[in-house]
1. Would you check if Val448 is surrounded by 13 or more Cβ atoms within 10 Å (Cβ to Cβ), touching a Gly at 6+ places or on another chain (Cβ under 7 Å) and closer than 29 Å to Lys410 by Cβ?
2. Inspect the range 188-206 for any residue being at pLDDT 80 or above, more than 27 Å from the chain's Cα centre (by Cα) and not in a helix (DSSP H, G or I) and give the result as yes or no.
3. Hey, among Arg431, Arg358, Arg342, which residue is within 30 Å of Asn275 (Cα to Cα), touching a helix residue (DSSP H, G or I) at 6+ places or on another chain (Cβ under 7 Å) and surrounded by fewer than 17 Cβ atoms within 10 Å (Cβ to Cβ)?
4. Consider Gly460 against the criteria (1) closer than 30 Å to Thr518 by Cα; (2) of a type in the set (Gly, Ala, Ser); (3) touching an Asp or Glu at 6+ places or on another chain (Cβ under 8 Å): it satisfies all of them except one. Which criterion is unmet?
5. Which pairs have Cβ atoms under 9 Å, sit 6 or more apart or on different chains, and link a residue in the range 524-537 that is free of Cβ contacts under 8 Å to residues at least 60 places away in the same chain to one that is β-branched (Val, Ile, Thr)?
6. Looking for something surrounded by fewer than 18 Cβ atoms within 10 Å (Cβ to Cβ) and farther than 24 Å from Val496 by Cβ - is there at least one such residue anywhere in the range 403-411?
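The values are calculated or read from the model by the stated rules, or taken from the named source; none is laboratory data. All figures in this text were calculated on a predicted structure; none of them were measured in a lab. Note: ideal-geometry Cβ built from the backbone for every residue, glycine included; neighbour counts use all protein chains shown.
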Amino acid sequence: MKNDRIEACLKKANSLPLTPGVYIMKNREGEIIYIGKAKKLRSRVSQYFARFESHTGKTRRMVENVYDFDYILTTSELEALTLECSQIKQHRPKYNILLKDDKGFCFIRLSREQYPRFTVVYRKKEDGAEYFGPYMSAGSARQTLELASKLFLLPTCARRLEYGKRSERPCLNYFIKQCCAPCTGRVPPERYAESVRDALAFISGGMKQAVEDMTARMKAYSDALEFEKAAQLRDRIAAVDRIWQRQGVVSDDCREHDAFAVTSDGVTQCVCVLNVRDGRVKLKESSFFDCDETESGPELLTSFICEYYSGEREIPPVVALASEPEDFTLLREWLSAQRGKRVSLRCKGRGELPKTARICLDNAEEALVQYSVRRGGRKTKAAEELKAYLGLTGELTRIEAYDISHTGGKTTVGGMVVFENGAPKKSDYRRFRVSVTGGDDYAATAEVLSRRLAHLGERGFERPDVILLDGGAQHVAAIGELFREKGVDIPFFGMVKDNKHSLRGLVSPEGELDIGKTTRAFRLLYAVSEEVHRFAVSYHRAARSAELKTSRLTVIDGVGEGRAAALLRAFGSVDAIRAASVEELAAVKGMSRPAAESVRKFFDAIPAED
């Protein structure tokens with residue numbers, strides 16, 4: 001081992017107390033290279049020096065550079081986490097997860113003059129101006145300001161604004177109703193100040209607050225018989241409403257929250273964040289980390305969230321996670337302490353999860369694919385390492401994985417996912433509706449692979465370098481017979497799960513393979529396993545939901561499964577079918593006039609709220 005201080009550090013670590021605290025790793029020059037917290041200092045710190053070979057690449061490199069360490073005792077693990085975050089923010093250690101610092105934040109500035117102007121700035125100054133923010137990117141600040149300027153007809157040019165001056169010809173924004181043209185000298189300061197006040201309500205409180213303020217003033221003007229001013233506010237409220245309606249609602253029950261999701265392709269991990277304010281997605285951010293340089297998914301998620309909220313970012317009342325973090329209770333307590341109010345931390349199995357958590361995970365997966373493409377789509381180290389474990393002599397570029405999903409043997413479906421160069425290739429994903437019933441997973445897998453092999457070599461069905469099956473030795477034996485019958489010589493392996501349905505390893509016809517869980521190869525396999533399971537289960541749920549809708553329609557006289565499916569394809573939902581006229585129903589391919597009248601009669605007899 002390169003570092004001759006390992007034994008000395010281990011001896012020092014074994015003398016630490018079993019109490020909460022923060023440890024500070026330093027290199028030979030005394031520079032802080034890593035800061036961590038522990039519930040029991042002795043147990044946590046000694047692990048670094050006693051179990052060197054079991055560490056990931058990042059941890060091994062960090063330990064090799066440790067010359068000494070300091071520690072600070074705390075009274076609780078929550079206090080340790082709080083201290084850890086502040087120390088990381090102060091020292092920015094090399095081996096900690098580091099996000100952009102505060103210089104990336106922006107503010108919207110409102111000047112103090114007769115005709116105040118809004119601008120985007122990176123620093124607050126003691127100049128008497130008002131500042132709003134911080135915004136997490138210049139883009140989000142400019143987008144907010146641009147929208148406010150259009151809605152409330154504020155100028156964006158650099159012209160001199162002075163009431164009563166010699167009139168100038170207004171620019172194009174005036175003629176397309178996006179500016180009140182104060183540059184002409186004909187807009188009184190009082191009228192301009194009203195527009196600024198509405199823009200302030202929008203910037204600081206969002207569309208809802210702006211509409212409430214304008215509605216109250218419109219009513220006051222109307223009561224005072226100032227109908228022209230009331231009409232101007234009415235038109236402005238209508239413009240805000242049009243913008244409001246164009247923005248998709250993502251949450252009715254949880255209108256103020258942030259969502260986090262982490263995903264990995266075995267080489268890179270991506271953490272995605274969605275900021276939801278007033279029921280709309282306000283901002284999306286994605287950050288990427290090398291698997292060799294960071295912790296596993298749950299640990300990374302906790303570290304990321306703590307670093308994310310250690311600056312000036314607002315902590316909402318609800319934080320939603322697509323997966324469970326390293327320490328759920330501790331993270332919830334830390335968020336609540338940072339906010340000064342209770343924070344509801346939600347993840348799968350712990351409270352109702354906003355649908356933005358699922359959306360966030362989808363965005364993380366897509367961002368990771370695009371990130372891989374931007375990096376040139378080169379072969380990953382994980383794929384090369386996996387190739388050695390599998391004993392393959394040829395290339396390992398394309399991995400195909402298969403999983404079966406059903407409910408009690410009904411609505412059986414299969415999913416196929418493809419990873420190329422260590423990254424998902426979603427354009428080649430395939431779904432299979434399986435005819436096998438009764439829960440026979442072996443027969444269902446054989447049917448899916450038979451259908452897939454029938455298209456071997458076609459576009460989107462290129463020959464894979466290896467096939468992975470969600471199952472153990474029996475799956476491998478069953479598919480081995482199929483491959484021998486068809487004369488297929490593609491290497492294939494089963495993905496064995498533990499009692500928590502998490503990947504344990506691979507099994508071949510010769511037996512189970514020993515792949516270390518800290519290796520890049522295992523992380524790639526884990527990503528493939530999770531992705532194919534997600535893909536198959538999501539298709540099964542969609543198919544089962546469609547079946548339930550179809551079965552409801554088949555109780556109508558003259559409507560069988562074929563016509564029910566045709567109606568759903570044509571109208572998209574049962575509610576849309578309910579609202580259709582006899583003529584619209586009869587126009588669907590496969591429907592007859594009597595069948596359409598029967599459908600209409602059936603829904604007319606059911607109360608609309610059912």
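1. Yes.
2. Scanning the range 188-206 turns up at least one residue that is at pLDDT 80 or above, more than 27 Å from the chain's Cα centre (by Cα) and not in a helix (DSSP H, G or I).
3. From the options Arg431, Arg358, Arg342, the qualifying one is Arg342.
4. (1)
5. Matching pairs, first to second residue: Glu530/Thr263; Arg534/Val417.
6. From the range 403-411, those surrounded by fewer than 18 Cβ atoms within 10 Å (Cβ to Cβ) are 407-410; that's our starting set.
Within this subset, residues satisfying the condition of being farther than 24 Å from Val496 by Cβ are 410.
Looking through the range 403-411, at least one residue is surrounded by fewer than 18 Cβ atoms within 10 Å (Cβ to Cβ) and farther than 24 Å from Val496 by Cβ.
Yes/no matrix, rows are residues, columns are (1) within 20 Å of Ala444 (Cα to Cα); (2) assigned to a strand (DSSP E or B); (3) not assigned by TED's automatic domain parsing to the domain that holds His475:
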residue	(1), (2), (3)
Val496	yes, yes, no
Gly516	no, no, no
Ala527	no, no, no
Ala536	yes, no, no
Ala566	no, no, yes
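Here is a yes/no grid of residues against (1) acidic (Asp, Glu); (2) in a strand (DSSP E or B):
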| residue | (1), (2) |
| --- | --- |
| Ile24 | no, yes |
| Gly36 | no, yes |
| Arg42 | no, no |
| Arg60 | no, no |
| Val66 | no, no |
| Glu79 | yes, no |
| Thr82 | no, no |
